[in-house]
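Report on one structure; see the data block that follows.
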Amino acid sequence: MTTAFTTPQRTRALLLLIVSILWYEAVEIFTTFVTQSLAGSHWYGVVYEGLRLILLLAGFTGLAYLVARGVNPTPSLGWPRNGETRWQIGTGAAIGWGMAVALVLFIALAGRGLQTYFDFSLASWMTFLLTLVVTLLGAAVRQTVFAGFPFRRLVDAAGPSLATILVACFVGFTQGQEMQGSRMALLTVILLQVLFCVAALRTGSLWLGWALDVAARTSLGTLFGLPVAGSGKYGSLVLANSQAPEWISGGSYGPIASLLAPLVVLAGIYFMVRATRTDVIASIRPGGIAVDLEARHAPSYPGGEPVAAKPAGVSLVQILPTLSQPPQPDAASRPEAGDGSK
């Protein structure tokens, strides 16, 4: 269900978007300055990503209060906790795992196998745990910035389709210099961001995209030991090596730079859309007035703003006419006097 925004509302959303982007840049500068003394430490990634997430959520919460107008602003941040949260996490993890397995099978079969090495030492397990925490926090940061509050403001200002295209192209542009000129990697990153944006629009939250991101990175890097976005930091327990051509393995950038990667992401978008079908019950508009019968899809439009609760004490609609006096039994049903009936 979409909501038409007036020009002042679009302008206001655009201003909030600009402020949120400035806050993001300020957080990046501040976090880098504070954590530079930890560079090289095992705890650097945890502190860096954790501080980024805390500061971003704090700033976006303050901006969300301006949008919510006294109502709980949590839904507009993209992290609501409701009855569908577990389902969204499970669905995202399943899709992310399936995408990773498809890419690895492509490398193993088309590239004639993978050489794997295992290291289950205590140090490797400690590195794995720290890397897992960094992955969880980093995925939350990416979802909060590129599919959360700023993206919702862009949706309010430009509409969901244009907002998705703009954010996906922006992410591809900012990460393009790190992709070593790989067009497949660039296309895959853009399509992945489209997937995350569509997931946020379909579910009204960031849980599905977050779980998908974590599952895909952990599966490719930790379980299969392959590079992820040009980084080998995920491969602590398992390290894999492939002699396959770059168009099959993705080279040093990892499987997301392979020829199959964009097709796998498109398949992921398809399955995600199929798994998040619109609830027909929540979209019924009796008499032209939108009514959320099950209250399962708050907020009710992709912009993601909470709707104030109805005041208590609303009277029921009377359908039958009020009887002036209680009905009287007819003569045939009344007992005769003295017949012993009670």
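The values are calculated or read from the model by the stated rules, or taken from the named source; none is laboratory data. The shown structure was predicted, so the numbers you read here are calculated from the model rather than taken from an experiment. Glycine also receives a Cβ, built like all others from the backbone with ideal geometry; neighbour counts cover every protein chain displayed.
Any idea which of Leu137, Leu154, Leu192 is touching a residue at least 40 places away in the same chain (Cβ under 8 Å), closer than 19 Å to Ala261 by Cα and in a helix (DSSP H, G or I)? Even if it seems obvious, please write down each step before you answer.
Working: Leu137 fails: closer than 19 Å to Ala261 by Cα; Leu154 fails: closer than 19 Å to Ala261 by Cα.
When all the criteria are applied, what remains is Leu192.
Given the criterion part of a helix (DSSP H, G or I), free of Cβ contacts under 8 Å to residues at least 60 places away in the same chain and not aromatic (Phe, Trp, Tyr), identify the matching residue among Gly40, Gly45, Gly62.
On the way: Gly40 fails: part of a helix (DSSP H, G or I); Gly45 fails: free of Cβ contacts under 8 Å to residues at least 60 places away in the same chain.
Unique residue meeting the criteria: Gly62.
What are the residues in segment 142-158 that are under 18 Å from Asp213 (Cα atoms), surrounded by fewer than 24 Cβ atoms within 10 Å (Cβ to Cβ) and among the hydrophobic types (A, V, I, L, M, F, W, C), if any?
Residues satisfying the conditions are Val145, Phe146.
Quick test for you: out of Ser161, Ser219, Ser242, pick the one residue that is free of Cβ contacts under 8 Å to residues at least 12 places away in the same chain and surrounded by fewer than 24 Cβ atoms within 10 Å (Cβ to Cβ).
None of the others qualify; the one that does is Ser161.
A quick yes/no check of all residues on (1) more than 18 Å from the chain's Cα centre (by Cα); (2) in contact (Cβ under 8 Å) with a residue 60 or more places away in the chain; (3) at negative phi:
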{"position": "Leu17", "(1), (2), (3)": "yes, yes, yes"}
{"position": "Glu25", "(1), (2), (3)": "yes, no, yes"}
{"position": "Gln36", "(1), (2), (3)": "yes, no, yes"}
{"position": "Leu77", "(1), (2), (3)": "no, yes, yes"}
{"position": "Thr85", "(1), (2), (3)": "no, yes, yes"}
{"position": "Gln88", "(1), (2), (3)": "no, yes, yes"}
{"position": "Ile95", "(1), (2), (3)": "no, yes, yes"}
{"position": "Met99", "(1), (2), (3)": "no, yes, yes"}
{"position": "Phe106", "(1), (2), (3)": "yes, yes, yes"}
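For Phe5, state whether it is modelled with pLDDT under 95, more than 20 Å from Leu136 (Cβ to Cβ) and not in a helix (DSSP H, G or I).
On the way: modelled with pLDDT under 95: yes; more than 20 Å from Leu136 (Cβ to Cβ): yes; not in a helix (DSSP H, G or I): yes.
Judged against the criteria, Phe5 is a match.
State yes or no: is Trp97 surrounded by 19 or more Cβ atoms within 10 Å (Cβ to Cβ), assigned to a helix (DSSP H, G or I) and hydrophobic (A, V, I, L, M, F, W, C)?
Here the answer is no, as Trp97 does not meet what is asked.
State all residues of segment 119-140 that are under 30 Å from Val67 (Cα atoms) and surrounded by fewer than 22 Cβ atoms within 10 Å (Cβ to Cβ); if no residue qualifies, say none.
Applying the first criterion (under 30 Å from Val67 (Cα atoms)) to segment 119-140 yields 136-140.
Within segment 119-140, Leu136, Leu137, Gly138 meet the criteria.
Pull up segment 23-56, narrow it to residues that are within 19 Å of Val155 (Cβ to Cβ) and not hydroxyl-bearing (Ser, Thr, Tyr), then point me to the one that is surrounded by the fewest Cβ atoms within 10 Å (Cβ to Cβ).
Residue satisfying both the conditions and the ranking: Trp23.
Scan (1) modelled with pLDDT under 95; (2) part of a helix (DSSP H, G or I); (3) β-branched (Val, Ile, Thr) for the single condition Val71 breaks and write down its number.
Condition (2) is where Val71 drops out.
Hey, does segment 241-253 have a residue that's in a strand (DSSP E or B) and in contact with a strand residue (DSSP E or B) (Cβ under 7 Å, 6 or more places away or on another chain)?
yes
Have a look at Ala211, Ala229 and point out the one that is in contact with a Gly (Cβ under 9 Å, 6 or more places away or on another chain) and either acidic (Asp, Glu) or at pLDDT 95 or above (or both). Talk me through it step by step, then tell me what you get.
On the way: Ala229 fails: either acidic (Asp, Glu) or at pLDDT 95 or above (or both).
Sole residue among the options that is in contact with a Gly (Cβ under 9 Å, 6 or more places away or on another chain) and either acidic (Asp, Glu) or at pLDDT 95 or above (or both): Ala211.
Filter segment 175-203 down to residues that are within 28 Å of Leu77 (Cα to Cα) and either of a type in the set (Val, Ile, Thr) or crowded, with 24+ Cβ neighbours inside 10 Å (or both), then give me how many there are.
Of the residues in that region, 13 qualify.
What is the residue count in segment 105-134 for residues that are more than 17 Å from Asp213 (Cβ to Cβ) and in a helix (DSSP H, G or I)?
Taking segment 105-134 and keeping what is more than 17 Å from Asp213 (Cβ to Cβ), we get 105-130.
Now drop any that are not in a helix (DSSP H, G or I), which leaves 105-110, 122-130.
Residues in segment 105-134 being more than 17 Å from Asp213 (Cβ to Cβ) and in a helix (DSSP H, G or I): 15 in total.
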